[in-house]
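Trainee: Sharing a structure, written as C-alpha cells. Questions coming.
The values are calculated or read from the model by the stated rules, or taken from the named source; none is laboratory data. Quick caveat, the model's predicted, so the values are computed rather than measured. Please note: Cβ atoms are built from the backbone with ideal geometry, for glycine as well, and neighbour counts cover all protein chains shown. Ligands, DNA and RNA are excluded from the accessible area calculation, which covers all protein heavy atoms including side chains. Shrake-Rupley method; radii C 1.70, N 1.55, O 1.52, S 1.80 Å.
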Amino acid sequence: MSLLRRLPPILRALLAQALAFAVLVALARLGLRLTPLVWVLLQAVLAVFLSRWLDLGPRWVLMQAALPFLVRALWGAPIPAWIYLLLFLGLVLVFGGGLLSRVPLYHASGDAWEKLEALLPDQPGLRFVDLGCGFGGPVAHLAKARPDGVFVGVEASPFTWLVAWLRCLPHRNVHIRMGSLWRTDLAGFDVAYAFLSPVPMPALWAKVRREMKPGSRFISHSFEVPGETPHRVIPVKGREGARLLVWDL
Ligand SMILES: C[S@@+](CC[C@H](N)C(=O)[O-])C[C@H]1O[C@@H](n2cnc3c(N)ncnc32)[C@H](O)[C@@H]1O
C-alpha cells in the first residue's frame, strides 16, 4: 500500500480512475442498469474516494472528480483528431523530461528560495546548479541575490527549458542549459540542488558522491536519500512536509 502511495501523483490518479472504471464494468456485468449520467457520477465518486485513499492532494481530487464529466462531454464531439495530437505534444514538451526519471513539474516556494539563498557559501564566484530547474524560479532569485555567483539550471523538458531561459535572460550570471541532469558533470559546482522525486534519489546520491568535490554542498528539496542522514533539515513553506535536506560533502 505504501508503495502505491509513493507512486508519482499522475500514476496514482490514473490508477484511481482505472480502478473506479473496473468497478463500473463489474457492476454492469452483474446486470446493473443506470442512465449514462449516473454511470459518470458513479465513476467520479469512486475516483474521488480512491484518490483520497491513494493520498492525492485536494487539487488532484478536484481534477479526478471533473475528469469523467469532461470525458463524457467530449465523447463523440466533433473535435478533429489533430487537437488531441497537439495536446499530447504540449504535454510532452512541458513534462517529457521528467517522464523517464519519473519527476513531475512542481515548484519550490519563495520561502524555499530564500532559505536556499542562506545556504550559499560566502565565497565570491561560487557555482550553483539546479538539477531539473523547472521554470527557473530558484536560479533567477539566487542570481539576483548573489550577483557574485554563477547559477546554472539544467532542464530536460523543451517548453519548460524555454520558459526558464526567457525568464533568466535578464540575469547575466545565469546559464539555462537544455539537457539531462545525468549528463551534467557536478565536479565544477560548490552547491548542487535538486527537487525531483523519491525515484532518482539513490542514483543521484551516487553521482553526487562520485563527482562533487570535498567541501561542496548537496541540497535536496523534500526527498530523502535512503540510508543517508542529512547534516541539516530546514522546513520550508510549500506542500506538506516540504523541507531542504542538506549534506556537506
Ligand atoms: C519538481 S521540478 C523542480 C523545479 C525547480 N528546481 C524548483 O525547485 O522549483 C523538477 C524538474 O526537473 C525536470 N527533470 C526531470 N528529470 C530531469 C532530467 N533527467 N534532467 C533534467 N531535468 C529533469 C522536470 O522536467 C521538472 O521541470
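Trainee: Out of (1) within 12 Å of the ligand (Cβ to nearest atom); (2) loosely packed, with under 15 Cβ neighbours inside 10 Å, the odd one out for residue 139 is which?
Mentor: Single failed check for residue 139: (2).
Trainee: Just name the residue that is farthest from residue 130 (Cα to Cα) out of those in region 154-176 that are open to solvent by 70 Å² or more (accessible area, probe 1.4 Å) and in contact with a strand residue (DSSP E or B) (Cβ under 7 Å, 6 or more places away or on another chain).
Mentor: My answer is 165.
Trainee: Moving on to the next point. Across region 70-85, which residue is nearest to residue 43 (Cα to Cα) among those that are at pLDDT 80 or above and more than 28 Å from the chain's Cα centre (by Cα)?
Mentor: Step by step, filter region 70-85, then rank; the result is 72.
Trainee: Hey, another quick one. Is there any pair with a first residue in region 117-136 that is part of a helix (DSSP H, G or I) and a second that is away from the ligand (no atom under 13 Å from the Cβ) whose Cβ atoms are under 6 Å apart and which are 6 or more apart or on different chains, and what are they?
Mentor: 117/145
Trainee: When you check residue 72 against the structure, is it open to solvent by 60 Å² or more (accessible area, probe 1.4 Å), not in a loop (DSSP other than H, G, I, E, B) and not hydrophobic (A, V, I, L, M, F, W, C), yes or no?
Mentor: Numbers: open to solvent by 60 Å² or more (accessible area, probe 1.4 Å): yes; not in a loop (DSSP other than H, G, I, E, B): yes; not hydrophobic (A, V, I, L, M, F, W, C): yes.
Yes; evaluated as a whole, the condition is true for this residue.
Trainee: Sort out for me the helices (runs of 4 or more DSSP H) sitting completely within region 1-69 that have 1 or more residues that are modelled with pLDDT of 95 or more and open to solvent by 50 Å² or more (accessible area, probe 1.4 Å).
Mentor: Answer list for region 1-69: 9-29, 36-53.
Results for (1) under 17 Å from the mean Cα position of the chain (by Cα); (2) among the small types (Gly, Ala, Ser), shown as yes or no for each residue.
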site	(1), (2)
205	no, no
210	no, no
215	no, yes
221	yes, no
226	no, no
229	no, no
236	yes, no
244	yes, no
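Trainee: Mind checking which residues of region 97-119 are modelled with pLDDT of 90 or more and either touching a helix residue (DSSP H, G or I) at 6+ places or on another chain (Cβ under 7 Å) or near the ligand (Cβ under 10 Å from one of its atoms) (or both)?
Mentor: 108, 109, 112, 113, 116, 117, listed by residue number.
Trainee: I've got another one for you. List the pairs whose first member sits in region 167-187 and is farther than 20 Å from residue 137 by Cβ, whose second member is within 9 Å of the ligand (Cβ to nearest atom) and open to solvent by 20 Å² or more (accessible area, probe 1.4 Å), and whose Cβ atoms are under 9 Å apart, counting only residues at least 6 apart or on separate chains?
Mentor: Qualifying pairs under 9 Å: 180/97; 180/100; 180/101; 180/156; 182/101.
Trainee: Could I ask something else about it? Mind counting the residues in region 143-160 that are over 30 Å from residue 91 (Cα atoms) and part of a strand (DSSP E or B)?
Mentor: Qualifying residue count for the region: 1.
Trainee: May I pose another question? Restricting attention to region 196-249, which residues are within 16 Å of residue 184 (Cα to Cα) and free of Cβ contacts under 8 Å to residues at least 24 places away in the same chain?
Mentor: Residues satisfying the conditions are 203, 205, 206, 210.
Trainee: Looking only at region 144-153, count how many residues are surrounded by fewer than 24 Cβ atoms within 10 Å (Cβ to Cβ) and near the ligand (Cβ under 10 Å from one of its atoms). Don't jump to the end; show me each part of the working.
Mentor: Step one: filter region 144-153 for residues surrounded by fewer than 24 Cβ atoms within 10 Å (Cβ to Cβ), giving 144-150, 152.
Filter once more, keeping what is near the ligand (Cβ under 10 Å from one of its atoms): none.
Number of matching residues: 0.
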